[in-house]
Amino acid sequence: MQRMLQTLRSEIDRIDGQIIELLARRFAVTRQVGQLKAHHALPAVDAERESAQQLRYEQLARANGLDPALVTGLFRDIIAAVVRQHGEAITPERPGSSQPPRSRKDHGNER
């Protein structure tokens, strides 16, 4: 039983690693989208696309026997992080500074 449990846990660990690698790839691509939007002065949020994607995530969840609320919740968090990333890419440099704008997590951490 212990060997089987360890085998299953190892498989979960491999899958988790793949999920993280895919998430990193997704963020790399969305970073390019953000740069393209910034270059063309497009808004960070595309509500029409987000709405279409929401429906797509629900359909994919159902097709794979998953709870649509779980899947859409995960993607809502991912999309929120991407929109923040796009907003930071679109925000111009701070006046009088040669440094790019700080991320939200850096705000309030003045030294």
*Tell me which of these Leu74 doesn't satisfy, since it passes every other one: (1) within 18 Å of the chain's Cα centre (by Cα); (2) aliphatic (A, V, I, L, M); (3) loosely packed, with under 12 Cβ neighbours inside 10 Å.*
(3)
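Do the conditions hold for Glu48, that is, is it loosely packed, with under 14 Cβ neighbours inside 10 Å, among the acidic types (Asp, Glu), at pLDDT 70 or above and out of contact with any Phe, Trp or Tyr (no Cβ under 8 Å at 6 or more places or on another chain)?
Yes, satisfied.
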*In the range 51-65, how many residues are exposed (fewer than 12 other Cβ atoms within 10 Å of the Cβ) and under 18 Å from His86 (Cα atoms)?*
1
*Looking at Leu36, Leu60, Leu66, which is the one that is modelled with pLDDT of 95 or more and assigned to a helix (DSSP H, G or I)?*
Leu60
*Selection from the range 49-76 of residues that are of a type in the set (Asp, Glu) and more than 21 Å from Glu88 (Cα to Cα)*: Glu58, Asp67
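The values are calculated or read from the model by the stated rules, or taken from the named source; none is laboratory data. Treat the numbers as computed from the prediction; the structure is a model and nothing was measured. FYI the Cβ positions are ideal-geometry reconstructions off the backbone, even for glycines, and counts take in every protein chain you see.
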